[in-house]
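The values are calculated or read from the model by the stated rules, or taken from the named source; none is laboratory data. Please read these numbers as outputs of a predicted model, since none were measured by experiment. Backbone-built Cβ (ideal geometry, glycine too); neighbour counts: all protein chains shown.
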């Protein structure tokens, strides 16, 4: 396996014109995804994390203006024709959505939905397609796969539905799996099962996985490398252990500290980040996090800080040089 | 133990399902607990465990099929019409989705003063306005917000409006139904801190329903663990988090992602298999037995009753067994 990146995103911006002015959903985002890598993208609502995934599939909403580059194995996806996008989408890049109930067609059986994909993509006959569908259900550890083929989505539990969605994403043995909050709609005991499944799939299929979440706990469970996003920009990027051991952006640190422990001494107050997330239609000229940042100083208000390498594999977008202080509780 | 603000015994809620087969869904079965005055009781459980149904039954938003709920000397579940309406002054709720629970056509001032208009109709308008402003300040809203509409606020700010509305009458009992679940990570802690401050300042008795175990640990003195409509365990906070006695409580705690990559990866398998069964066909005996790692034959035959093990009350045949005192 070569170590050349599978996917290179360079200076990608996505904006939407609106009555309230241009909404900048994604601002100059760059990233690389290597074969077999598990990349975590963490951010809150409005951070642009879902916009990033949609842009990679050519699924940005109507009216979106894209600039920059998304290069998949030498092929440029920004501005590509629908036809060439369709050849990549679903075949080379699979997608797992947050809500399995809306990702599945409620009128069709699991078997129909799975074999349809298998037959379209591989031109298999009915019997062979059915065999392949059973294999896929086994791959996602669904018990009694043959019986499941005849069931409709509403007859399955939430966790089983999400497994079916994952099986559908695996139909073409994609090189890249994009997962948008795949466990957010699930209960915590089921979330643990789905995360274990994603880890196992990555190890077995060697697909690269890009998982978007608001939950740093989920990131800690599965990701090799992490991008932290705020207001459409990448604010920090690091290996997962580096990020948890020595976050260097005040926002990352704030998120990290906002996670309450289940053991250890009980705090008087939960550390939090003050203020509110920014309005994407009215971003400040400087660093978007500055109004909430305990470290902000004059320079932060002038222009957004660029993403700069501070250690091998570790980059951040922040002007502040000193040690990061604890957040006010 | 302190005097109870609320005492619930044997609460049961059944829903008759539409259709010819007259099927019955038992959402809550024989649930008993008390909320000591000025304390917060957490109710945790996965979706379908019945936690919101308990809240709704206590507020009489869904009818209870059995049980009593003693509050201010009367049984909440038996109140009718006018006494029930009057009782609502002392019993308020905060909902999960802050924006959906605020009327989009009302201004913030109207939303917060509405309970006063309903329950204190003879209050002087100026005193009422001052009361609203004082409440807004308490929850961290600005006077400039008075004439704005809910859609102009972020989720965290909207939840502050919901909290102000719930507390403006100074109720005795506050039910929080997943008050921080829909909020962004950086905002959750703000609202959890605010609720705890208000609870202490106003000496509120609170039922705090959540699936976020860390928030429950922070907010609650006692915790009730619910599974498929039944109580699995009730324990003081520290006992529950440091020495969970029920195998379900143990699995729940072990399933929470660990925000430390090294520790997180040390465990390879998910703590328990399977998912919560349908309440239309609950397992016989112990409802948790189909997923239980220490299940025995008797678990299918006898429903385990709550009994004291250490500082906890546990509904498990095997709790307290053996040297590890599970």
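Condition check: closer than 27 Å to residue B:203 by Cα and assigned to a strand (DSSP E or B). Does residue B:52 satisfy that? Steps first, please.
Working: closer than 27 Å to residue B:203 by Cα: yes; assigned to a strand (DSSP E or B): no.
No, not satisfied.
Residues of the range A:101-120 being in a helix (DSSP H, G or I) and under 23 Å from the mean Cα position of the chain (by Cα), which ones?
Applying the first criterion (in a helix (DSSP H, G or I)) to the range A:101-120 yields A:101-103, A:110-120.
Passing the criteria: A:101, A:102, A:103.
Which of the residues that make up the range B:60-96 are in a helix (DSSP H, G or I), touching a strand residue (DSSP E or B) at 6+ places or on another chain (Cβ under 9 Å) and without any contact (Cβ under 8 Å) to a residue 12 or more places away in the chain?
Just the residues of the range B:60-96 that are in a helix (DSSP H, G or I), to begin with: B:76-78, B:81-90.
If we keep only those that are touching a strand residue (DSSP E or B) at 6+ places or on another chain (Cβ under 9 Å) too, we end up with B:76-78, B:83, B:87, B:90.
Listed by number, the residues that qualify are B:78, B:83.
Could you grab me the full set of residues in the range B:252-283 that are assigned to a helix (DSSP H, G or I), within 7 Å of another protein chain (Cβ to nearest Cβ) and under 22 Å from the mean Cα position of the chain (by Cα)?
Across the range B:252-283, the qualifying residues are B:252, B:253, B:255.
Would a scan of the range B:282-290 turn up a residue that is over 18 Å from residue B:31 (Cα atoms), surrounded by fewer than 24 Cβ atoms within 10 Å (Cβ to Cβ) and in contact with a strand residue (DSSP E or B) (Cβ under 9 Å, 6 or more places away or on another chain)? Quick ask: steps written out before the conclusion?
Taking the range B:282-290 first, the residues over 18 Å from residue B:31 (Cα atoms) are B:289-290.
Restricting the remaining residues to those that are surrounded by fewer than 24 Cβ atoms within 10 Å (Cβ to Cβ) gives B:289-290.
Now narrow it down to the ones that are in contact with a strand residue (DSSP E or B) (Cβ under 9 Å, 6 or more places away or on another chain): none.
No, the conditions are met nowhere in the range B:282-290.
Residue-by-condition table, conditions (1) within 14 Å of another protein chain (Cβ to nearest Cβ); (2) modelled with pLDDT under 95; (3) crowded, with 23+ Cβ neighbours inside 10 Å; (4) in a helix (DSSP H, G or I):
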site	(1), (2), (3), (4)
B:151	yes, yes, no, yes
B:162	no, no, yes, yes
B:171	no, no, no, no
B:176	no, no, yes, no
B:182	yes, yes, no, no
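When residues of the range A:24-44 are filtered for being closer than 13 Å to residue A:233 by Cα and either touching a strand residue (DSSP E or B) at 6+ places or on another chain (Cβ under 6 Å) or surrounded by fewer than 19 Cβ atoms within 10 Å (Cβ to Cβ) (or both), how many remain?
Residues meeting the conditions: 11.
Considering only the range B:305-326, state which residues are in contact with a helix residue (DSSP H, G or I) (Cβ under 9 Å, 6 or more places away or on another chain) and part of a loop (DSSP other than H, G, I, E, B).
In the first step, residues of the range B:305-326 are kept if they are in contact with a helix residue (DSSP H, G or I) (Cβ under 9 Å, 6 or more places away or on another chain); the result is B:310-312, B:314, B:316-319, B:326.
If the condition is that a residue be in contact with a helix residue (DSSP H, G or I) (Cβ under 9 Å, 6 or more places away or on another chain) and part of a loop (DSSP other than H, G, I, E, B), then B:310, B:311, B:316, B:317, B:318, B:319, B:326 are the ones that fit.
If we keep just the residues of the range A:69-79 that are within 19 Å of the chain's Cα centre (by Cα) and part of a strand (DSSP E or B), which is farthest from residue A:33 (Cα to Cα)? It would help to see each step written out before you state the result.
At the first step, the residues of the range A:69-79 found to be within 19 Å of the chain's Cα centre (by Cα) are A:69-72, A:77-78.
If we keep only those that are part of a strand (DSSP E or B) too, we end up with A:69-72.
Details: A:69: 14, A:70: 11, A:71: 10, A:72: 10 Å.
Per the criteria, the residue is A:69.
Can you say whether residue B:188 is over 29 Å from residue B:72 (Cα atoms), in contact (Cβ under 8 Å) with a residue 12 or more places away in the chain and at the interface with another protein chain (Cβ under 10 Å from one of its Cβ atoms), as far as the supplied structure shows?
Spelling it out, residue B:188 is indeed over 29 Å from residue B:72 (Cα atoms), in contact (Cβ under 8 Å) with a residue 12 or more places away in the chain and at the interface with another protein chain (Cβ under 10 Å from one of its Cβ atoms).
Would you say residue B:241 is surrounded by 18 or more Cβ atoms within 10 Å (Cβ to Cβ), modelled with pLDDT of 95 or more and facing chain A (nearest Cβ under 8 Å)?
Details: surrounded by 18 or more Cβ atoms within 10 Å (Cβ to Cβ): yes; modelled with pLDDT of 95 or more: yes; facing chain A (nearest Cβ under 8 Å): yes.
Yes, satisfied.
Only one of A:231, A:247 is within 14 Å of another protein chain (Cβ to nearest Cβ) and at positive phi; which?
Working: A:247 fails: at positive phi.
None of the other options fit; the residue is A:231.
May I ask you to verify whether residue A:169 is under 16 Å from the mean Cα position of the chain (by Cα), under 16 Å from residue A:114 (Cα atoms) and away from every other protein chain (no Cβ under 12 Å)? Working first, answer last.
Working: under 16 Å from the mean Cα position of the chain (by Cα): yes; under 16 Å from residue A:114 (Cα atoms): yes; away from every other protein chain (no Cβ under 12 Å): yes.
Judged against the criteria, residue A:169 is a match.
Give me a count of the residues in the range A:139-159 that are under 21 Å from the mean Cα position of the chain (by Cα) and assigned to a helix (DSSP H, G or I).
If we filter the range A:139-159 for residues that are under 21 Å from the mean Cα position of the chain (by Cα), which is where we start, we get A:140, A:158-159.
Right, trim to assigned to a helix (DSSP H, G or I) and you get A:158-159.
Within the range A:139-159, residues that are under 21 Å from the mean Cα position of the chain (by Cα) and assigned to a helix (DSSP H, G or I) number 2.
Does residue A:300 satisfy the criteria of being more than 14 Å from chain B (Cβ to nearest Cβ) and part of a helix (DSSP H, G or I)?
Details: more than 14 Å from chain B (Cβ to nearest Cβ): yes; part of a helix (DSSP H, G or I): yes.
It is true that residue A:300 is more than 14 Å from chain B (Cβ to nearest Cβ) and part of a helix (DSSP H, G or I).
Looking at the range B:126-143, is at least one residue surrounded by fewer than 22 Cβ atoms within 10 Å (Cβ to Cβ), out of contact with any strand residue (DSSP E or B) (no Cβ under 8 Å at 6 or more places or on another chain) and within 11 Å of chain A (Cβ to nearest Cβ)?
yes
Step by step: first the residues of the range A:172-197, then only those that are within 14 Å of chain B (Cβ to nearest Cβ) and touching a residue at least 40 places away in the same chain (Cβ under 8 Å), then the one that is surrounded by the fewest Cβ atoms within 10 Å (Cβ to Cβ). Which residue is that?
Residues of the range A:172-197 within 14 Å of chain B (Cβ to nearest Cβ): A:181-197.
Right, trim to touching a residue at least 40 places away in the same chain (Cβ under 8 Å) and you get A:181-182, A:184-185, A:197.
Values: A:181: 20, A:182: 28, A:184: 14, A:185: 19, A:197: 19.
My answer is A:184.
When the residues of the range A:200-225 are filtered to those that are free of Cβ contacts under 8 Å to residues at least 60 places away in the same chain and facing chain B (nearest Cβ under 8 Å), which remaining residue is farthest from residue A:247 (Cα to Cα)?
So, considering only residues that are free of Cβ contacts under 8 Å to residues at least 60 places away in the same chain and facing chain B (nearest Cβ under 8 Å), the one farthest from residue A:247 (Cα to Cα) is A:221.
Restricting to the range A:252-291, name every residue that is more than 8 Å from chain B (Cβ to nearest Cβ) and closer than 17 Å to residue A:236 by Cα. Even if it seems obvious, please write down each step before you answer.
Of the range A:252-291, the ones more than 8 Å from chain B (Cβ to nearest Cβ) are A:252-253, A:257, A:264-265, A:268, A:275, A:278-291.
A:252, A:253, A:257, A:286, A:287, A:288, A:289, A:290, listed by residue number.
Looking only at the range A:45-68, which residues are surrounded by fewer than 15 Cβ atoms within 10 Å (Cβ to Cβ) and in a strand (DSSP E or B)?
A:65, A:67
What number of residues in the range A:208-221 are modelled with pLDDT under 95 and surrounded by fewer than 24 Cβ atoms within 10 Å (Cβ to Cβ)?
So the answer is 3.
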